[in-house]
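Report on one structure; see the data block that follows.
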Amino acid sequence: MAEDLTIIRSASKAEQYTSLIPQIQALLEGEPDLVANLANIAAALKEQFGWFWVGFYLVKGDELVLGSFQGPVACTRIAKGRGVCGTAWAEAKTLVVPDVDTFPGHIACSSLSRSEIVVPLLHNGLVAGVLDVDSEALDQFDATDAQYLEEIVKLIKW
Ligand code: SME
C-alpha cells in the first residue's frame with residue numbers, strides 16, 4: 001500500500017474524484033479493519049478537497065456515534081431523525097444541504113459550517129452509519145459529490 005496520496009488541485013471536481021478513488025481502493029486493499037479504513041477515507045477526502053470537516057458516524061443502538069474523522073472536534077451522539085445525519089439515516093438517502101441554516105433541526109457542531117452533504121453507509125441493506133462532510137462555503141456540494149461519495153462508501157468492507 002502506498003502511504004502518499006497524489007493530490008490534483010487544478011482539475012474539475014469529477015477529475016479530482018476520479019484521481020482519488022483508485023487511491024482509496026489501494027489504501028483499503030488487504031486491510032479488513034473498519035476503523036482503519038474509515039480513518040484513511042476521511043483523511044484522503046480531507047487532503048484532496050480541503051473541506052472543513054470530513055468524518056463518519058456509526059449506528060450504535062438508536063443513535064449515531066462519532067467515528068473516524070478529520071477536522072475540529074464534533075458532537076458525539078445524534079439520534080435517529082435528528083439533524084442532517086439523523087435524517088439521512090432515517091430516510092436512508094443522501095442529503096445535500098446548500099445552506100445549513102435553512103435545514104430544520106440542523107445540528108451545528110461548529111458555527112463555521114455553512115453547507116453539508118451526508119451519505120448513508122449501507123450494510124446488509126440497512127444503514128450502518130453515515131459519511132458527513134461540512135464546508136465553510138455555502139452551496140459547496142452537488143449531485144457530482146453525491147455520486148462519487150456514494151461510490152466511495154461502497155468500497156467500505158464490513
Ligand atoms: N451537522 C450535522 C451534525 C454533525 S457535524 O456537522 C460534524 C447534523 O446536522 O447532523
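The values are calculated or read from the model by the stated rules, or taken from the named source; none is laboratory data. Predicted model only: the values in this text are computed from it and were never measured. Positions of Cβ are generated from backbone atoms using ideal geometry, with glycine treated the same way; all protein chains shown enter the neighbour counts. Only protein heavy atoms, including side chains, enter the accessible area calculation; ligands, DNA and RNA are left aside. Shrake-Rupley method; radii C 1.70, N 1.55, O 1.52, S 1.80 Å.
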Answer residue from segment 102-123, given it is part of a loop (DSSP other than H, G, I, E, B) and more than 8 Å from the ligand (Cβ to nearest atom) and is surrounded by the most Cβ atoms within 10 Å (Cβ to Cβ) among those = Arg114
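Which residues, taken from segment 90-101, are within 12 Å of the ligand (Cβ to nearest atom) and not in a strand (DSSP E or B)?
Residues of segment 90-101 that are within 12 Å of the ligand (Cβ to nearest atom), as a first pass: 90, 95, 97, 100-101.
Within segment 90-101, Ala90, Val100, Asp101 meet the criteria.
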Run Gly81 past the list (1) within 23 Å of Leu45 (Cα to Cα); (2) more than 8 Å from the ligand (Cβ to nearest atom); (3) surrounded by fewer than 17 Cβ atoms within 10 Å (Cβ to Cβ) and report the number of the one that doesn't hold.
-> (1)
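Keeping to segment 37-52, report how many residues are of a type outside the set (S, T, N, Q) and either at pLDDT below 95 or open to solvent by 10 Å² or more (accessible area, probe 1.4 Å) (or both).
Within segment 37-52, the first condition is being of a type outside the set (S, T, N, Q), and the residues that meet it are 38-39, 41-47, 49-52.
From what's left, either at pLDDT below 95 or open to solvent by 10 Å² or more (accessible area, probe 1.4 Å) (or both): 39, 43, 46-47, 49-52.
Residues meeting the conditions: 8.
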All conditions in (1) over 18 Å from Gly129 (Cα atoms); (2) in a helix (DSSP H, G or I); (3) out of contact with any Ser or Thr (no Cβ under 8 Å at 6 or more places or on another chain) are true of Asn37 except (1)
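Consider Glu15 carefully, then state whether it is of a type outside the set (Ser, Thr, Tyr) and out of contact with any Lys or Arg (no Cβ under 8 Å at 6 or more places or on another chain).
Values: of a type outside the set (Ser, Thr, Tyr): yes; out of contact with any Lys or Arg (no Cβ under 8 Å at 6 or more places or on another chain): yes.
Yes: the conditions hold for Glu15.
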Among the residues of segment 53-78, write down those that are open to solvent by 20 Å² or more (accessible area, probe 1.4 Å), near the ligand (Cβ under 9 Å from one of its atoms) and under 24 Å from Tyr17 (Cα atoms).
-> Phe69, Gly71, Pro72
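For residues in segment 21-41 being of a type in the set (A, V, I, L, M) and touching a residue at least 40 places away in the same chain (Cβ under 8 Å), which is farthest from Val119 (Cα to Cα)?
Checked segment 21-41; the qualifying residue farthest from Val119 (Cα to Cα) is Leu28.
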Among Leu27, Leu20, Leu5, which is surrounded by 12 or more Cβ atoms within 10 Å (Cβ to Cβ), assigned to a loop (DSSP other than H, G, I, E, B) and away from the ligand (no atom under 16 Å from the Cβ)?
-> Leu5
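Answer yes or no as to whether Thr144 is among the hydroxyl-bearing types (Ser, Thr, Tyr), farther than 18 Å from Ala39 by Cα and more than 14 Å from the ligand (Cβ to nearest atom).
Details: among the hydroxyl-bearing types (Ser, Thr, Tyr): yes; farther than 18 Å from Ala39 by Cα: yes; more than 14 Å from the ligand (Cβ to nearest atom): yes.
Spelling it out, Thr144 is indeed among the hydroxyl-bearing types (Ser, Thr, Tyr), farther than 18 Å from Ala39 by Cα and more than 14 Å from the ligand (Cβ to nearest atom).
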